[in-house]
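The values are calculated or read from the model by the stated rules, or taken from the named source; none is laboratory data. Please read these numbers as outputs of a predicted model, since none were measured by experiment. As a convention, Cβ positions derive from the backbone with ideal geometry for all residues, glycine included, and neighbour counts pool all protein chains shown. Side chains included, ligands, DNA and RNA excluded: accessible areas come from the protein's heavy atoms. Shrake-Rupley method; radii C 1.70, N 1.55, O 1.52, S 1.80 Å.
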Amino acid sequence: MTTTIPAGTAAAPGPALGPRRRWTVLAVCALSMFLIGVDTTIVNVGLPAIGRGLGVGTRGLEWVVDAYTVVLASLLIASGSLADRFGRRRVFRCGLTVFGLASLACALAPSLGFLVAARAVQGVGASMLSPVALAIVVNAMPDPGERARAIGIWASVFGLSMAAGPVVGGALIAAFGWRSVFWINAPVVVGALVLVAMFVPESRGQRARRLDLPGQLLLTTALCVSVGVLIEGPRIGWSSPSALACYAVVAAAATAFVRVELRRTEPLIDLGLFRRPPFASAVLGAVAVFAALSVSLLLTTLYLQNARGWTPLAAGAATLPMALGATVCAPWSGSLTGRLGPRRPLLLAGGFTAAGGLCLVDLGPDTSVPLLLLAHLLIGIGFGFANAPLTHTAVGGLPPSRAGVAGAVTSTARQVGSAVGIAVAGALAAGAGPEGLARASRPGWLLVTACGLFLCVVARASGGAPEETA
């Protein structure tokens, strides 16, 4: 998700829509954003039930989450370019269709391999929704003030969806079983397709960027192999020939990616942006925030269900404080960032996240429920405060022609953080039985604490005075 104007959109004139129509377009696009955010986290709480249903262990289950996240991260930028070239509404409808069909395939999956493949296809569909939907909203709202309010709502919806996923998933699994977390997408997608056909106008970028197929292939290879070795490393051995081959592939793909991008006139990722310390730190901060969130959600799910015997509904309900903190603090963070700049909200985000992680560093089999709830509230507050200042830091001072690309890179970084967090949490829990799960998860809570402290470092590079973003 990005809260900046996508590349190619700023100068494109929007259609003359009435106020009611403009806000209807926002509602339709926000619905798709909510669907993507929920689907990123809703599966977490269902992993133990999926494992029992398909007869697989924790390590295999990590692929159920990361197949979606890695593909989504890899294709976000390319999907935005396709939409600018071929029409945003057309690509948006295509994304909804792919996402819906893949959801049905997930619900019917007879085996782990089939489910993982279907989740990867879901990621393809989701990549056509997130950046494209925001471009549609920006194009429909030419007034800067109205557009700023719309983007604020957009950011709040995204934060709420990510935090609400486990709660929704727990309720669905308790009532209908694990396959319901995929069935539920079907009516939402059908409704969204009808609403898009009725209310969303077609639009294109004023100047469509060329597709960077070599860069796209190299980026996807580097991300997929990196996450794969994190997931499978404990099983194959970190110094085994297979692992060493994976390291070599990642290094070669990353090196080739840099060389290709530096030579292209319209690269997939403008590497020159990383020469700006605020941008580079914001990208790393986005990785840290979403890694912390993913680690927290997965470790909590496995600990409560496998070690303490909680139901999926109860485990999902335990994350309600996180959803509450994110929902309340996301719009507040946007307001603070606009008035005071990104430094103070980032310091708040880092402090609350680190405090939440510290609460559970000594997690044990009988840790009190109030402490668990407090930790999730603190992490949720940190997550809510983080997104707006990170986006502001990434795009602050950039011209509109580069702000969209910067926002897209930050969105990709968020998904990379989610994938890495799932892989790390799964690796910690994979070899531990129910009795040892609390002890095994302690390094994960130290990682959450470290991510919070890193956000405080990012705050120092972000600048204190408010700036106008694109």
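Details
- Restricted to helices (runs of 4 or more DSSP H) entirely inside the range 15-129, those with at least 2 residues that are of a type in the set (A, V, I, L, M), on the phi < 0 side of the Ramachandran plot and at pLDDT below 90 are 19-41, 47-54, 58-86.
- Considering the conditions (1) within 21 Å of G426 (Cβ to Cβ); (2) within 23 Å of the chain's Cα centre (by Cα); (3) not aliphatic (A, V, I, L, M), T221 is excluded by exactly one of them, (1).
- Residue pairs whose Cβ atoms lie under 7 Å apart, separated by 6 or more positions or on different chains, with the first residue in the range 351-367 and under 17 Å from F383 (Cα atoms) and the second in a helix (DSSP H, G or I) and of a type in the set (S, T, N, Q), are A354/T449; G357/T449; L358/T449.
- Any hit, the range 130-151, residues being at pLDDT 80 or above, surrounded by 24 or more Cβ atoms within 10 Å (Cβ to Cβ) and within 20 Å of T40 (Cβ to Cβ): no
- Taken together, the residues in the range 308-332 that are among the small types (G, A, S) and either within 14 Å of A49 (Cα to Cα) or in contact with a Lys or Arg (Cβ under 9 Å, 6 or more places away or on another chain) (or both) amount to 4.
- Looking at A427, A386, A440, A465, just one residue is over 30 Å from G233 (Cα atoms), in a helix (DSSP H, G or I) and at pLDDT below 90, and that residue is A386.
- Only one of L104, L26, L76, L47 that is closer than 23 Å to A164 by Cα, surrounded by fewer than 18 Cβ atoms within 10 Å (Cβ to Cβ), in contact (Cβ under 8 Å) with a residue 60 or more places away in the chain and within 23 Å of the chain's Cα centre (by Cα): L104
- The range 247-274 - residue that is part of a helix (DSSP H, G or I) and in contact with a Gly (Cβ under 7 Å, 6 or more places away or on another chain) and, of those, least open to solvent (accessible area, probe 1.4 Å): E261
- Among the candidates L324, L313, residue that is open to solvent by 40 Å² or more (accessible area, probe 1.4 Å), in contact (Cβ under 8 Å) with a residue 40 or more places away in the chain, more than 27 Å from S462 (Cβ to Cβ) and part of a helix (DSSP H, G or I): L313
Table: residues versus (1) at pLDDT 85 or above; (2) touching a Lys or Arg at 6+ places or on another chain (Cβ under 6 Å); (3) within 26 Å of A133 (Cα to Cα).
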| residue | (1), (2), (3) |
| --- | --- |
| M198 | yes, no, yes |
| T221 | yes, no, no |
| P234 | no, no, no |
| P241 | yes, no, no |
| V249 | yes, no, no |
| A254 | yes, no, no |
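- With respect to the conditions (1) in contact with a helix residue (DSSP H, G or I) (Cβ under 6 Å, 6 or more places away or on another chain); (2) open to solvent by 40 Å² or more (accessible area, probe 1.4 Å); (3) farther than 15 Å from V409 by Cα; (4) not charged (D, E, K, R), A292 falls short on a single one, namely (2).
- In the set (1) over 19 Å from A78 (Cβ atoms); (2) modelled with pLDDT under 85; (3) crowded, with 19+ Cβ neighbours inside 10 Å; (4) of a type outside the set (G, A, S), N185 fails one condition alone, (2).
- Top-ranked residue of the range 327-342 - restricted to ones that are in a helix (DSSP H, G or I) and surrounded by 23 or more Cβ atoms within 10 Å (Cβ to Cβ), ranked as modelled with the lowest pLDDT: G334
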